[in-house]
Amino acid sequence: MDRNSTTQPLSVPPSIAGMLSAASEIAKLVGPIVQNSKDAPSILLTVYTEVNEFRLILSSLQSLLEKLPTFSPIRRELIQIDHFLVTLTDAVLVFSDLNPLIKPLQAAYGALLPFHIRIQWSVKRSEASNVVARLQKHKIALALMMDILQRYPCH
């Protein structure tokens, strides 16, 4: 993950911090509904699960990137920075697409999900499933990049 430097580009930490914030906001909105509503659409549980798993990957990635300058140049070059940045950028776009789907849930409180929200989510199921699939793709890509960096010998 190097292009003649020993650190990641300056845009990486803010991108990760922004996605962590966005993921936290989505989890904060969806979590209580999924946990308290018996009639929440199953896609909401999937969104909640995937967003939380993505948050875990991002937190681990953030910790790993803090150690990146201590890695050998060969180890840092295992991951192309362009591939990494494209994956992060696309993940930001996924959260941008997920946000308007989640916003109507702000009005949903308690254990009973309003009927009109359940109907909206039934209609949006396909769109939400596509966004979740994109999120899963980026989660897997980032997890693989982290795995490569973590498993490669330090010397």
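The values are calculated or read from the model by the stated rules, or taken from the named source; none is laboratory data. Because the structure is a prediction, the values reported are computed rather than measured. Don't worry about glycine lacking a Cβ; one is built from the backbone with ideal geometry, like all the others, and counts go over all protein chains shown.
Just a few scattered comments:
- The listed residue being of a type in the set (A, V, I, L, M), at pLDDT below 85, within 22 Å of the chain's Cα centre (by Cα) and more than 17 Å from residue 12 (Cα to Cα), out of 112, 149, 105: 105
- Any hit, the range 55-75, residues being free of Cβ contacts under 8 Å to residues at least 12 places away in the same chain, surrounded by fewer than 18 Cβ atoms within 10 Å (Cβ to Cβ) and among the polar types (S, T, N, Q): yes
- Taking each residue of the range 109-122 that is within 17 Å of residue 42 (Cβ to Cβ) and looking for partners that are at pLDDT below 70 and small (Gly, Ala, Ser) with beta-carbon atoms closer than 7 Å, six or more apart or interchain, yields 117/108.
Yes/no matrix, rows are residues, columns are (1) modelled with pLDDT of 90 or more; (2) aromatic (Phe, Trp, Tyr):
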{"position": "40", "(1), (2)": "no, no"}
{"position": "46", "(1), (2)": "yes, no"}
{"position": "64", "(1), (2)": "no, no"}
{"position": "84", "(1), (2)": "no, yes"}
{"position": "91", "(1), (2)": "yes, no"}
{"position": "94", "(1), (2)": "yes, no"}
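- Any hit, the range 110-127, residues being under 21 Å from residue 18 (Cβ atoms) and part of a helix (DSSP H, G or I): no
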